[in-house]
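Taking it in order: structure first as structure tokens, then the write-up.
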Amino acid sequence: MTDITDTLQHSVQTAYAQQTPLQLVGGKSKDFYGRISTGQVLNLSAHQGIIDYEPSELVVTARAGTPLIDLQKALADRGQWLAFDPPAFSEQATFGGTIACGLSGTTRPYYGAMRDFVLGVKCLNGKGDILHFGGQVMKNVAGYDVSRLMVGALGTLGVLLEISCKVMPIPPEQTTLVFDCDLNTALEKMTYWGNQTVPLSGSCYIDGRLYLRLSGVSIQSARQKIGGETFNNADPFWTDLREQRLAFFQTTSPIWRLSLPPTSPALTLAGDTLIEWGGGLRWLTNSPANAETIRTTVATLGGHATLFKNGDRTSDIFHPLPAPLLILHQRLKQQFDPKGILNPQRMAQAW
């Protein structure tokens with residue numbers, strides 16, 4: 001365990017005084033995500049260690065530089081896990097970088113998003129002040145929303161030092177069912193079973209096949225109710241889906257992450273598509289459509305589009321915000337990072 005809070009605080013305070021931009025770096029596992037940020041490197045990977053873990057309380061607190069793989073192993077040894085199933089994309093992934101990127105995995109629509117599991121954070125603001133938000137118990141709601149702000153902020157609001165997360169027991173049983181069907185049928189099945197009292201924990205449609213994962217206790221009755229064929233040795237599939245190791249993701253073309261209402265119909269965009277989250281998350285690649293067309297199409301259905309990987313990282317990566325929401329974001333940035341030194345332009349060109 002290594003606590004370098006004092007070193008990190010001094011670095012931020014110096015950068016604030018000198019108005020020096022800082023590029024926050026952990027394991028660089030998600031360096032492809034977001035706009036290109038420049039500045040003096042502030043390496044957080046040495047700030048490691050699990051600070052507090054009481055399995056009976058279902059809460060773990062760890063420093064931001066703690067390798068995600070080490071944290072997951074410590075939880076697994078006690079039969080628990082991070083139920084938002086975050087992607088790592090590399091063995092070098094850190095806990096803080098995972099929280100800062102805010103990416104939930106295959107269980108997202110069934111167990112909740114990452115922000116639902118974050119109970120509290122300790123961080124440095126853009127002036128180098130140490131701030132505490134939330135707590136280490138699930139009943140503590142003081143500052144809870146502020147803790148959530150750090151999830152997915154890509155380090156633009158603060159330097160994460162410690163994070164407290166709710167954890168859950170690993171499901172005792174799991175099985176995956178597979179169906180050969182067309183896209184419209186797959187969407188109908190995902191919507192239908194997503195509204196039933198069955199223990200769904202994952203869904204994916206790719207290459208004419210629908211995969212539905214069941215997790216929990218006594219899942220056989222649900223399996224018989226849903227039907228389909230049992231997909232043996234399914235764990236590697238779900239892991240490769242989460243970590244984007246499937247052939248679908250092995251491209252140099254832009255990969256778009258499209259968030260939509262789950263009941264949205266099949267999109268009219270050309271290209272290759274993979275669908276997760278019961279229809280709520282759709283990946284698009286090898287599409288001839290430009291960014292404006294993609295975003296307009298998705299927005300018409302009440303969703304938003306993110307240029308997740310590849311493509312021009314100096315352009316708008318995230319879906320443009322409505323004016324009132326943009327103003328709110330800018331005010332938050334001003335409050336947390338008044339001189340704009342933390343990961344400048346990582347989320348938007350303006351800040």
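Brief remarks on what is shown
- Subset of Lys28/Lys73; Lys225/Lys309; Lys28/Lys189; Lys122/Lys339; Lys30/Lys189 violating a 29 Å alpha-carbon distance limit: Lys225/Lys309; Lys28/Lys189; Lys30/Lys189
- Nonlocal amide H pairs with Leu119, under 5 Å, H built at 1.01 Å: Ser164, Cys165, Lys166
- For Leu177, the shell of other residues with beta-carbons less than 14 Å away shows a net charge of +2, using +1 for Lys and Arg and -1 for Asp and Glu.
- If you plug the beta carbon distance of Thr293 and Thr251 into 1/(1 + (r/R0)^6) with R0 = 25 Å, you get a FRET efficiency near 0.85.
- Under the Karplus curve 6.51 cos²θ - 1.76 cosθ + 1.60, θ = phi - 60°, whole-Hz ³J(HN,Hα) for region 176-181, x wherever Gly or Pro sits: 10, 10, 10, 10, 8, 6
- By definition, a body whose alpha carbon gyration tensor gives a ≥ b ≥ c is prolate when a/c is 1.5 or more and a/b is larger than b/c, and region 167-272 fits this prolate description.
- Modelled label positions at Thr2 and Arg209, each set 7 Å beyond Cα in the direction of Cβ, lie 4.3 nm from each other.
- Note on Glu91 and Ala74: their simple-model spin labels are 2.0 nm apart, each label 7 Å out from Cα toward Cβ.
- Charges were assigned to the Cβ only: +1 to each Lys and Arg, -1 to each Asp and Glu. The resulting dipole of region 173-309 about its Cα centre is roughly 260 debye.
- Three-way shape call for region 233-351 based on the alpha-carbon gyration tensor, with the a/c threshold at 1.5: prolate
- Pairwise FRET efficiency - Gln330 versus Leu301, Cβ, R0 = 25 Å, nearest 0.05: 0.35
- ³J(HN,Hα) computed for each position of region 320-331 - Karplus, 6.51 cos²θ - 1.76 cosθ + 1.60, integer Hz, glycine/proline x: x, 8, x, 3, x, 6, 4, 4, 4, 4, 5, 5
- Cα gyration tensor, region 40-119 - rounded (a/c under 1.5), prolate or oblate: oblate
- Under Karplus coefficients 6.51, -1.76 and 1.60, residue-wise ³J(HN,Hα) of region 8-17 in Hz, glycine/proline x: 5, 4, 4, 5, 5, 4, 5, 4, 5, 5
- Region 6-111: chymotrypsin sites (Phe, Trp or Tyr not before Pro) in DSSP coil with no more than 16 other Cβ atoms inside 10 Å: Phe32
- For Val59, residues with placed amide H under 5 Å, excluding near neighbours: Glu54, Val167
No lab work stands behind these numbers, since they all come straight from the coordinates. All figures in this text were calculated on a predicted structure; none of them were measured in a lab. Cβ: placed from backbone, ideal geometry, glycine included. Neighbour counts: every protein chain shown.
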